[in-house]
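Colleague: Dropping a structure here in structure tokens format, bear with me for questions.
The values are calculated or read from the model by the stated rules, or taken from the named source; none is laboratory data. Here the structure is a predicted model, which means the values were calculated and not measured. Methodologically, a virtual Cβ is constructed for each residue, glycine included, from the backbone with ideal geometry; neighbour enumeration extends over all protein chains shown. Each accessible area value is taken on the protein alone, full model and side chains, heavy atoms only, with ligands, DNA and RNA left out. Shrake-Rupley method; radii C 1.70, N 1.55, O 1.52, S 1.80 Å.
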Amino acid sequence: MAPLTISEYPPELSSEEEQYLLSNLKDWSIAHGLAVRPAPSFVSSSQDPSGVLATTAPVTLFPSLFPRVCFEAGLALQTAYNELYAAIARDERWLQGIVEELIDIDDFVEKLWQTHLAVKKEGYVQNLSLGLFRSDYMVHSDSSKSDSSPGLRQVEFNTIASSFGGLSSLVSALHRYLLTIDAYPSSTAGIIKAEALRQSKSTSSLAQGLAAAHKAYGTSRSGKPLCVLFVVQDPERNVFDQRHLEYALLEESGVRSFRLPFHRTLTDTKLDSDRNLLYAPPNSPSTEYEVTTVYFRAGYTPDDYPREEDWTARLQLEKSRAIKCPSILTHLAGCKKVQQVLATPHSPHLKRFLPDESVASRVLETFAPIYPLDDSEAGREAKKLAQDPATAVRYVLKPQREGGGNNIYRKAIPPFLKNLPETHWPAYILMEMIEPPPLRNAILRNGELQRGGVICELGVYGVCLWRNGTSEDDKGEILQNWEAGYLLRTKGDQSEEGGVAAGFGAVDSCCLV
Ligand code: ADP
Ligand code: MG
Ligand code: MG
């Protein structure tokens, strides 16, 4: 068979080849837990009354082609990004400046800030913070530059509930397995080869981050055994992604952890007089644990706070002595407004947090143009771009929200703004769309194959543990900082959103070219 060229990738499969690949992919996925709970629209609760069913996670059949230089640059930059966001989270006064611009027009940011102030009033009793971060990028070829070599542009930086670390390690192992069993046609031998496939160590590496915080917490003060608490949504379809971290934490570090549905916080946890966070497992409430680390996989969206007591719950966790991943200030550092302020041309902010100029300039190179929608000069200019249908098509409008499904894209921007009082526009940022080079792949989702043009988003995980400062002179210090593997998410090029859990994308792995 003639070798496939990169522009012909991925190969067409005969029906026998497709059958062989799919049956191996499906069995491997379930056997290894590359899985999600089925969508209610896919399996009704009457078909699965006791919730025992799982299905393969949406994955790509082939590893997507990814420029080697970009991949390596993204991973190499992660410790600098960890340092940047850990420094922002330690700078309350600077964050306050950001929050003040949002507080009157964004209830969620206001509630988070009030929660911080309420803890501060009583005094923080834990000065360590943990970040399990993920910096997301797309490949961008700058046609205005003469060499037009591809570079990375940052989509966003996640400081809370950065997901898919557990499944990402598996999908890279799946693609390697499919190569090993000759499920890819021999015409791809020059492209899909062991040396080009990048394994993601995210599961183990993120779990080691939780273990590092657990250890740094020190000994039990209440005399009760220690544990880590995963604060989760309920129901959670992406439960296995989280379970893989939990299992790695137990198997590799011997650390016990529990899953706490966020809405049960006030039922299952309490603070003792020393503000130790005590957790009573519902199956055995008399055996209490002292929580060393609260890992939030919930609490990042207003939907998680339908009742006022959900804010009381967040406050209880924040007030406790447990190390938070993330703390409220770290959560707020992930606001898209922060990204926009950092990306302001010639701004002093990046230098403030990254004093080493060469590090700061490498970070700066990954920023896409982002504008405020306020009354500053840049803001007034951006308002014009956003309202004009001819220019709006090059942009995405983002509120200060996480978890996918919140953005307004391209031609939808002008009518959206028309219906929004102008006083609320500063709650959004306007970002230039990154236009990655065209690629193709096939996605298996709910048993159905979708083939065609795709867009890939590279996420690089980072672990950072730091001590917060105690005074003007003491800015705190970083205790642990490492790059923690990667995620590749791939979506059809007709979809603006890329969320895997939100139903738009698939987990993928990199085949470097
Ligand atoms: P969220 O925090 O909700 O994940 P994102 O900023 O990551 O918000 O946006 C969601 C999705 O929208 C991304 O995964 C990506 O597919 C798309 N997107 C966001 N910003 C851009 C951009 N500047 N260029 C191209 N696509 C973008
Ligand atoms: Mg996000
Ligand atoms: Mg995102």
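Colleague: Which values of log₁₀ I(q)/I(0), to two decimal places, follow from the Debye formula for the stretch 1-87 at q = 0.10, 0.15 Å⁻¹ with a uniform point scatterer at every Cα?
Modeller: -0.53, -0.89
Colleague: Right, something else. For the chain, I need the span (max minus min coordinate) of the C-alpha atoms along each principal axis, in Å, sorted largest to smallest.
Modeller: Sorted from largest, the Cα extents of the chain read 72, 59, 47 Å.
Colleague: Which whole-number percent gives the relative contact order of the chain, counting Cα pairs below 8 Å spaced six or more residues apart? Please report the intermediate quantities before stating the final value.
Modeller: Values: 1016 pairs, mean separation 129.8, N = 513.
Dividing the mean separation by the residue count of the chain yields 25 percent.
Colleague: Let me ask something else. Please give me the summed charge of the neighbours of L420: other residues whose Cβ is under 13 Å from its Cβ, Lys and Arg +1, Asp and Glu -1. Write out the running numbers ahead of the final one.
Modeller: Values: positive: K383, K418; negative: D106, E422.
Residues close to L420 contribute a combined charge of 0.
Colleague: A further question follows. Work out the charge dipole of the chain with +1 on the Cβ of Lys and Arg and -1 on the Cβ of Asp and Glu about the Cα centre, then indicate which of S284, P345, L102 is farthest towards its positive end.
Modeller: S284
Colleague: For the stretch 293-406, what is the Kirkwood hydrodynamic radius in Å, using each pair of distinct C-alpha atoms?
Modeller: Working: mean 1/r = 0.0590 Å⁻¹.
Mean inverse Cα-Cα distance, inverted, gives 17.0 Å.
Colleague: Taking a probe of 1.4 Å, how large is the accessible area per residue of the stretch 51-152, in Å²?
Modeller: 39 Å²
Colleague: Next question, about the same structure. Give the residue list of trypsin sites (Lys or Arg not before Pro) in the stretch 117-180 that are DSSP loop and have at most 15 other beta-carbon atoms within 10 angstrom.
Modeller: Values: sites: K120, K121, R134, K145, R153, R176; in loops: K145.
Filter output for the stretch 117-180: K145.
Colleague: To make sure I understand the rule: partners must be lysines, Cα under 26 Å from the Cα of K336, and not fewer than 8 residues away in the same chain. Which ones qualify?
Modeller: Candidates past the 8-residue exclusion: K111, K120, K319, K324, K351, K383, K384, K398, K411, K418, K475, K491.
Colleague: For the stretch 358-513, what does the relative contact order come out to in percent, with C-alpha contacts under 8 Å and a separation of six or more?
Modeller: Details: 247 pairs, mean separation 26.6, N = 156.
Once normalised by length, the contact order is 17 percent.
Colleague: Report the local net charge at L77: Lys and Arg +1, Asp and Glu -1, summed over other residues whose C-beta lies under 10 Å from its C-beta.
Modeller: On the way: positive: R362; negative: E72, E365, E483.
That works out to -2.
Colleague: Separate question: How large is the helix-only mean residue ellipticity at 222 nm for the chain, computed as the sum of -39500 (n - 2.57) over DSSP H runs with n ≥ 4, divided by its residue count, in deg cm²/dmol to the nearest 500?
Modeller: Details: 16 runs with 177 residues, N = 513.
The helix-only estimate for the chain comes to -10500 deg cm²/dmol at 222 nm.
Colleague: Can you pull out the trypsin sites (Lys or Arg not before Pro) in the stretch 257-360 that DSSP calls coil and that have at most 16 other Cβ atoms within 10 Å? Show your work: numbers first, answer last.
Modeller: Numbers: sites: R259, R264, K270, R275, R297, R307, R314, K319, R321, K324, K336, K337, K351, R352; in loops: R275, R297, R307, R321.
Answer by residue number: R307.
Colleague: Something else: About the Cα centre of the stretch 387-513, how large is the charge dipole given +1 on each Lys and Arg Cβ and -1 on each Asp and Glu Cβ? Please answer in debye to the nearest 20.
Modeller: 580 debye
Colleague: Moving to a separate point now. At a 1.4 Å probe radius, carbon and sulfur cover how many percent of the accessible area of the stretch 379-513? Could you put the intermediate results ahead of the total?
Modeller: Numbers: 2980 of 5930 Å².
Percent of accessible area from carbon and sulfur atoms in the stretch 379-513: 50.
Colleague: Another question, then. In Å, what Kirkwood hydrodynamic radius results for the stretch 345-426 from the alpha-carbon pair distances? Mind dumping the intermediate values first?
Modeller: On the way: mean 1/r = 0.0692 Å⁻¹.
Result for the stretch 345-426 stands at 14.4 Å.
Colleague: Which of rounded, prolate, oblate describes the stretch 74-222, given a ≥ b ≥ c as roots of the alpha-carbon gyration tensor eigenvalues and a/c under 1.5 marking rounded, otherwise prolate only if a/b is larger than b/c? Intermediate values should be presented prior to the final figure.
Modeller: Values: a/c = 2.98, a/b = 1.62, b/c = 1.83.
It is oblate, given that a/c is not under 1.5 and a/b is not larger than b/c.
Colleague: Report, by chain and number, residues whose modeled amide H sits under 5 Å from the one on C510, excluding near sequence neighbours (fewer than 5 apart, same chain).
Modeller: Here the answer is R198, since their amide H atoms fall under 5 Å of that of C510.
Colleague: Something else about it: Counting residues in the stretch 168-256 as N, plug N into 2.2 N^0.38 Å and put the Cα Rg over that result.
Modeller: Against the compact-globule rule of thumb, the ratio is 1.51.
Colleague: Tell me the per residue accessible area of the stretch 351-490 using a 1.4 Å probe; a whole number in Å² is fine.
Modeller: Numbers: 6810 Å² over 140 residues.
For the stretch 351-490, the per-residue accessible area is 49 Å².
Colleague: Sticking with this structure for a sec: Would you be so kind as to identify all helices of the chain, as entire DSSP H runs, whose Cα atoms reach 20 Å or more along the helix's own axis and whose mean Kyte-Doolittle hydropathy is at least 0.5? Before the final figure, lay out each step's value.
Modeller: Details: long enough: 15-32 (25 Å, -0.83); 68-89 (32 Å, 0.64); 107-122 (23 Å, -0.62); 165-180 (23 Å, 0.76); 202-217 (23 Å, 0.07); 239-253 (21 Å, -0.47).
Membrane-span-like by this criterion, though nothing is claimed about a membrane: 68-89, 165-180.
Colleague: Note down the magnitude of the dipole of the chain about its Cα centre, charges +1 on Lys and Arg C-beta and -1 on Asp and Glu C-beta and zero elsewhere, to the nearest 20 debye. Working shown, then result.
Modeller: Details: 52 positive and 64 negative charges, 103 e Å.
Rounded to the nearest 20 debye, it is 500 debye.
Colleague: Please check the chain for the longest run free of GluC sites (Glu not before Pro) that are loop-located per DSSP (anything but H, G, I, E, B) and have at most 13 other Cβ atoms within 10 Å. Don't jump to the answer; show the numbers that get you there.
Modeller: Values: sites that count: E12, E195, E365, E472.
Between exposed loop sites, the widest span is 13-194.
Colleague: Dipole of the stretch 194-236 (Lys/Arg Cβ +1, Asp/Glu Cβ -1, origin at the Cα centre): which of L210, G223, S200 lies farthest to the positive side?
Modeller: G223
Colleague: Another question about this same structure. Using a cut-off of 15 Å between beta-carbons, work out the net charge of the residues near T287 (Lys and Arg +1, Asp and Glu -1, T287 not included). All intermediate terms of the calculation are to be shown ahead of the outcome.
Modeller: Numbers: positive: K224, R256, K270; negative: D268, E288, E290.
Summing Lys and Arg as +1 and Asp and Glu as -1 gives 0.
Colleague: Please list the non-local residues whose amide H lies under 5 Å from the amide H of V59, H modeled 1.01 Å from N, same-chain partners needing a gap of 5 or more.
Modeller: When sequence neighbours closer than 5 places are left aside, the close amide H contacts are L444, V507.
Colleague: Follow-up. Using the Cα centre as the reference, give the magnitude of the dipole from point charges on the C-beta atoms of the stretch 205-282 (Lys, Arg: +1; Asp, Glu: -1; all else neutral), rounded to the nearest 20 debye. Can you show the working numbers first?
Modeller: Working: 10 positive and 9 negative charges, 45 e Å.
Dipole size: approximately 220 debye.
Colleague: Same structure, new question: Would you please put 54-62, 19-27 in order of how densely packed they are, using the mean number of other Cβ atoms within 10 angstrom per residue and starting with the highest? Each step should come with its number before you reach the end.
Modeller: Numbers: 54-62: 23.0, 19-27: 15.7.
Most protected by this proxy first, the peptides run 54-62, 19-27.
Colleague: Given a cut-off of under 8 Å on Cα pairs at least six residues apart, what relative contact order in percent is computed for the stretch 206-262?
Modeller: Values: 51 pairs, mean separation 27.9, N = 57.
It comes to 49 percent, rounded to a whole number.
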